[in-house]
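Novice: This is the structure, below, for whatever I ask next.
The values are calculated or read from the model by the stated rules, or taken from the named source; none is laboratory data. Computed from a prediction, not measured in an experiment: that's the story for all the values here. Here the Cβ is made from the backbone with ideal geometry for all residues, glycine too, and neighbour counts use every protein chain on show.
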Amino acid sequence: MKSLYESDFLVIRDETKCIRCKVCVRQCANEVHQYDEEEDRVVADSSKCVGCHRCVALCPTKAITIIKNPLEFRANYQWTERAIKDIYKQAETGGILLTGMGNDKNYPIYWDRLLINASQVTNPSIDPLREPMELKTFIGRKPERLEFDSYGNLITEIPPQLELEVPIMFSAMSFGSISINACESLARASMEVGTFWNTGEGGLHKKLYPYKDRAIVQCASGRFGVDIDYLNAGAAIEIKIGQGAKPGIGGHLPGEKVGEEVSKTRMIPIGTDAISPAPHHDIYSIEDLRQLIYALKEAVSYKKPVGVKIAAVHNVSAIASGIARAGADFIAIDGFRGGTGAAPMRIRDNVGIPIELALASVDTRLREEGLRNQVSIVAAGSIRNSADVIKAIALGADAVYIATSALVALGCHLCQNCHTGRCNWGIATQDPYLVKRLNPDIGARRASNLLRAWEHEIKEMLGGMGINALESLRGNRLMLRGVGLNEKELEILGVKHAGEGI
Amino acid sequence: MELKTKKRIYAKEDVCIGCHLCEIYCILAHSGTKDLIKAFNRVNRPSPRVLVEEKEGYSITFALQCRHCDDPLCTKACITSAMHRDEKTGYIICDEEKCVGCWSCILVCPYGAIIRDENKKVASKCDLCIESGSPICVENCPNEALELRELEEDSK
């Protein structure tokens, strides 16, 4: 069948700069660039280009640029280029449209409608270069009250906590969805900076055991890689109920990606599809969830926090309340912008709600019910920079998870083709030739640089607000003002409009 | 004690991505220009002195250049003493003025690290960028798969 789908991108080569070194030919796993020996020139098949910029980055003479295909469809608000192309694709394949990374549609980004306060005259701002600034964060259940003996020693037993130097953790990405070098990069950055990484539902590869003290191990519906050693290896356990990119559906790692290493780590035969069911087949109620939480706590002798990760959906605050009552030590809420290694495009782009609204509504609900101290909240899915982190903390998060930002730090260019397994940057692939492209020494350095940079920025912004400890910002929504938001949005976010005083 | 090299380039096979940029920058370093495009457009452009070894299917790739052996065979085989050890650095260098292109060094090199310069008809090999002092292949490897290591006293 002749395809009606025209290229998304055009590869433009400056012939005066091209030295025919063929680096682009070797580096493109999509086989866009080919060397024509007869003509002694490098030619490109733009139809295969995904716009990942690998060739652009490695071309030593900067001879290549990639542009969006300027081919214009007749202007039509209803029938956009994307809408038409999606239909061509489905008419040619008869399949569900698959994609990677997070929802890229034009929904409101509430982070960009929230503004941060600063001190002027009546209260002094703080210079973080000259005065101490505390970002230390503890994730876990906090006791109702503290009791001390007559000598002033603490006698209240403190439930297990995760101790973070920065309120930013790496979100769950399994070995399988990302490469071993990507996992190792994030794991090493967590060790260096003093935060945590998350195994996702991929088990813990033997090579990653040295970083286990900084790992949150996930227990998801497929139970891949879960055994007692795995549970005891991690610093905390996370029960994955849902994921922001694909709420309500499970996961599917195709058999061709289940090579020897993935097979061993996930504890499944080589070449078999790793299917995570949509629900946990032993969880059909909050009571069932409570059973699993306590089964896991029992398994690790109540020494590690056990959390639950859910996607932000319509009834998220009631669900979070149930999770808190079920005994979880932390709740991770993943907003609809959250990324994925593969998801049906319609689900990624249309299911779930923004994390900003979900986070505010969960924090409010838990406070109203007097449950907030019993459980920490981790906000995930769309954190792009340190300002988003500050806003999330002010809306009530104890910490945030980052994943897309972390991968971008490793070199990801958001081409959204993770599901093809041909990641030219060595991140979302299991092809050994491609995996080598991500040197974990460089990856760890880049990821920890990102965290350190954000740490500095957070301190600067906190200082500007006259706050010297992140704890004082947590849930402090008076430090935020909305711009261009309607009454209902402001009500849910619990913030005043810009221009309103205290 | 006999002089030996104090530095050697090591390849990290597990992160070599087979892009061949080391070869491309090696050509630049020995082309007499600082412009990559000019270097490649020259009729008599030099051959790279570092070669990326590849196994079928790219399962193994790594860059190999002269090891500057402690006990080199090439200097012994050289009939004109063009191939010699530089007294200052301990590097093995080919004096192109003396080289007559008999290729004895190429025959004996156990690493296959010496190549024929087709233009000048002399033996050509890695000189660890002796003039600039910093090997250009190491500087330009995009994945830090090449490392210039200072050698320990005892291995000198």
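Novice: Among the residues of region A:452-460, are any part of a loop (DSSP other than H, G, I, E, B), aliphatic (A, V, I, L, M) and at negative phi?
Specialist: First, the residues of region A:452-460 that are part of a loop (DSSP other than H, G, I, E, B): none.
No: region A:452-460 contains no residue that is part of a loop (DSSP other than H, G, I, E, B), aliphatic (A, V, I, L, M) and at negative phi.
Novice: So if I check each of A:Ala409, A:Ala447, which one is part of a helix (DSSP H, G or I), crowded, with 24+ Cβ neighbours inside 10 Å and at pLDDT 95 or above?
Specialist: Going through A:Ala409, A:Ala447 in turn, just one is part of a helix (DSSP H, G or I), crowded, with 24+ Cβ neighbours inside 10 Å and at pLDDT 95 or above: A:Ala447.
Novice: Here is a further query. Could you list all residues from region A:10-29 that are away from chain B (no Cβ under 14 Å) and crowded, with 19+ Cβ neighbours inside 10 Å?
Specialist: A:Val11
Novice: Now for a different question. Any residue at all in region A:41-61 that is of a type in the set (D, E, K, R), under 28 Å from the mean Cα position of the chain (by Cα) and within 14 Å of chain B (Cβ to nearest Cβ)?
Specialist: yes
Novice: Output the residue which, of all residues in region A:423-433 that are over 9 Å from A:Ser179 (Cα atoms) and at pLDDT 95 or above, is farthest from the other protein chains (Cβ to nearest Cβ).
Specialist: Restricting to residues being over 9 Å from A:Ser179 (Cα atoms) and at pLDDT 95 or above, the top hit is A:Cys423.
Novice: One residue is enough: does region A:439-453 have a residue meeting the conditions within 14 Å of chain B (Cβ to nearest Cβ) and in contact with a Gly (Cβ under 6 Å, 6 or more places away or on another chain)?
Specialist: no
Novice: Please work out which one of (1) part of a loop (DSSP other than H, G, I, E, B); (2) crowded, with 21+ Cβ neighbours inside 10 Å; (3) more than 12 Å from the chain's Cα centre (by Cα); (4) modelled with pLDDT of 95 or more is the condition B:Cys66 fails and give its number.
Specialist: The one condition B:Cys66 does not meet is (3).
Novice: Please give the number of the condition A:His281 fails out of (1) in a loop (DSSP other than H, G, I, E, B); (2) closer than 26 Å to A:Lys105 by Cβ.
Specialist: (2)
Novice: A further question on this structure: Mind counting the residues in region A:22-58 that are in contact with an Asp or Glu (Cβ under 8 Å, 6 or more places away or on another chain) and in a loop (DSSP other than H, G, I, E, B)?
Specialist: Looking only at that region, the number is 7.
Novice: In region A:376-391, how many residues are within 17 Å of A:Met101 (Cβ to Cβ) and either touching a His at 6+ places or on another chain (Cβ under 9 Å) or crowded, with 24+ Cβ neighbours inside 10 Å (or both)?
Specialist: 4
Novice: Can I ask one more? Considering each of B:Lys55, B:Lys88 in turn, give the residue that is under 30 Å from A:Leu434 (Cα atoms) and not polar (S, T, N, Q).
Specialist: B:Lys55
Novice: Just checking, which of A:Ile377, A:Ile353 is more than 17 Å from A:Trp111 (Cα to Cα) and not in a helix (DSSP H, G or I)? Let's see the steps before the verdict.
Specialist: On the way: A:Ile353 fails: more than 17 Å from A:Trp111 (Cα to Cα).
That would be A:Ile377, the only listed residue that is more than 17 Å from A:Trp111 (Cα to Cα) and not in a helix (DSSP H, G or I).
Novice: All but one of (1) free of Cβ contacts under 8 Å to residues at least 12 places away in the same chain; (2) part of a helix (DSSP H, G or I); (3) under 20 Å from A:Thr340 (Cβ atoms); (4) not basic (Lys, Arg) hold for A:Asp86, so report the exception by its number.
Specialist: A:Asp86 satisfies all of (1) free of Cβ contacts under 8 Å to residues at least 12 places away in the same chain; (2) part of a helix (DSSP H, G or I); (3) under 20 Å from A:Thr340 (Cβ atoms); (4) not basic (Lys, Arg) except (1).
Novice: How many of the residues making up region A:452-502 are within 14 Å of A:Trp111 (Cα to Cα) and of a type in the set (Lys, Arg)?
Specialist: The qualifying residues number 2.
Novice: Hey, can you tell me all the residues within region B:117-148 that are outside any loop (DSSP other than H, G, I, E, B), in contact with a helix residue (DSSP H, G or I) (Cβ under 7 Å, 6 or more places away or on another chain) and either among the basic types (Lys, Arg) or within 14 Å of another protein chain (Cβ to nearest Cβ) (or both)?
Specialist: Passing the criteria: B:Ile136, B:Cys137, B:Asn140, B:Leu146, B:Glu147.
Novice: Any idea which residue in region B:17-47 is farthest from A:Tyr433 (Cα to Cα), counting only those that are assigned to a loop (DSSP other than H, G, I, E, B) and at the interface with another protein chain (Cβ under 7 Å from one of its Cβ atoms)?
Specialist: Per the criteria, the residue is B:His20.
Novice: Also, quick follow-up: Looking only at region A:263-290, how many residues end up being closer than 19 Å to A:Val217 by Cβ and without any contact (Cβ under 8 Å) to a residue 12 or more places away in the chain?
Specialist: The total comes to 2.
Novice: Looking at this structure, is B:His84 more than 14 Å from chain A (Cβ to nearest Cβ) and assigned to a strand (DSSP E or B)?
Specialist: So B:His84 passes the test.
Novice: Please verify whether A:Ile66 is in contact (Cβ under 8 Å) with a residue 24 or more places away in the chain, of a type in the set (Val, Ile, Thr) and outside any loop (DSSP other than H, G, I, E, B), treating the condition exactly as stated.
Specialist: Spelling it out, A:Ile66 is indeed in contact (Cβ under 8 Å) with a residue 24 or more places away in the chain, of a type in the set (Val, Ile, Thr) and outside any loop (DSSP other than H, G, I, E, B).
Novice: Then there is this: Suppose we keep only residues that are surrounded by fewer than 16 Cβ atoms within 10 Å (Cβ to Cβ) and over 26 Å from A:Gly464 (Cα atoms) within region A:124-149. Which one would you say is farthest from the chain's Cα centre (by Cα)?
Specialist: The residue in question is A:Asp149.
Novice: For region B:1-16, which positions are assigned to a loop (DSSP other than H, G, I, E, B), within 11 Å of chain A (Cβ to nearest Cβ) and of a type in the set (D, E, K, R)?
Specialist: Residue satisfying the conditions is B:Lys12 alone.
Novice: Residues of region B:48-60 being in a helix (DSSP H, G or I) and more than 11 Å from chain A (Cβ to nearest Cβ), which ones?
Specialist: Hit for region B:48-60 is B:Glu56, nothing else.
Novice: Moving on. Among the residues of region A:1-21, how many are assigned to a loop (DSSP other than H, G, I, E, B) and either closer than 30 Å to B:Lys38 by Cα or of a type in the set (Phe, Trp, Tyr) (or both)? Reasoning before the result, please.
Specialist: Filtering region A:1-21 for residues assigned to a loop (DSSP other than H, G, I, E, B) gives A:1-8, A:14-21.
Adding the requirement that they be either closer than 30 Å to B:Lys38 by Cα or of a type in the set (Phe, Trp, Tyr) (or both) leaves A:5, A:14-21.
Qualifying residue count, region A:1-21: 9.
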